[in-house]
Structure formats: structure tokens, C-alpha cells
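For reference, the structure discussed in these notes is given below.
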Amino acid sequence: MKLKLPRDQFLSTVRVGDKGQIVIPKEVRDLFEIEPGDSLMLMADKKRGIAIVGFDGMIDFMHESVRQAQQAQQEQGNQEEEPK
């Protein structure tokens, strides 16, 4: 089932096969420039559902998250060292 949406949006149902696989519709692969062999990240939360995102963008996100966590740890360590 496909609905008519703006150019940069897509909504469709997909069927889960016997092996648990789904097919990403061609329109979505074209929209996000997904090519055979690309890596995607699947994120799942029981309450919020399932999301599939491009892995390349997630690498940048993960690097930035680690950098911010390290910075927060350093700042916390500096606060603990300061005399009261």
C-alpha cells in the first residue's frame, strides 16, 4: 500500500519473509541513495519501534558522542580536583 506524499517522503507497508527479511522499496532506496552492499543500522526500542538509518552518518554521530562523553568526564574530573 503506497500513499501519495511529498517528494522527500515515502510511506508503504512491507512484508516480512520466511527468513525475517524485508525489502526496502525502490523508491526509498533511490530517495536515500542506498546501493547494494551499503551498511545500514537497525535500531529497535520495544516502546518506540524500529528505525533503519544509514550507517555512515551513524559513525559521525558515534564519534561525536564519544568526544562529548570524554569531554564531560574531563570536566567532571577537573571539578573534583578543585579545592573547596
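Here are some notes:
- Count - residues of the range 1-51 that are aromatic (F, W, Y) and over 25 Å from M62 (Cβ atoms): 1
- Selection from the range 44-66 of residues that are among the hydrophobic types (A, V, I, L, M, F, W, C) and either under 22 Å from F32 (Cα atoms) or touching a Phe, Trp or Tyr at 6+ places or on another chain (Cβ under 6 Å) (or both): A44, I50, A51, I52, V53, F55, M58, I59, F61, M62
- Scanning the range 1-46 for residues that are among the charged types (D, E, K, R) and surrounded by 10 or more Cβ atoms within 10 Å (Cβ to Cβ) gives K2, E27, R29, D30, D38.
- Across the range 47-84, the qualifying residues are those that are open to solvent by 100 Å² or more (accessible area, probe 1.4 Å) and under 16 Å from the mean Cα position of the chain (by Cα), and the one among them that is nearest to L5 (Cα to Cα) is I50.
- For the range 25-84, a residue qualifies if it is more than 22 Å from T13 (Cβ to Cβ), of a type in the set (D, E, K, R) and assigned to a helix (DSSP H, G or I), and the qualifying residues are D56, D60, E64, R67, E75, E80, E81.
The values are calculated or read from the model by the stated rules, or taken from the named source; none is laboratory data. Keep in mind that what you see is a predicted model, and the values were worked out from it rather than measured. Heads up, the Cβs are rebuilt from the backbone with ideal geometry, glycines too, and the neighbour counts pull from every protein chain shown. Calculation scope for accessible area: heavy atoms of the full protein, side chains included, ligands and nucleic acids excluded. Shrake-Rupley method; radii C 1.70, N 1.55, O 1.52, S 1.80 Å.
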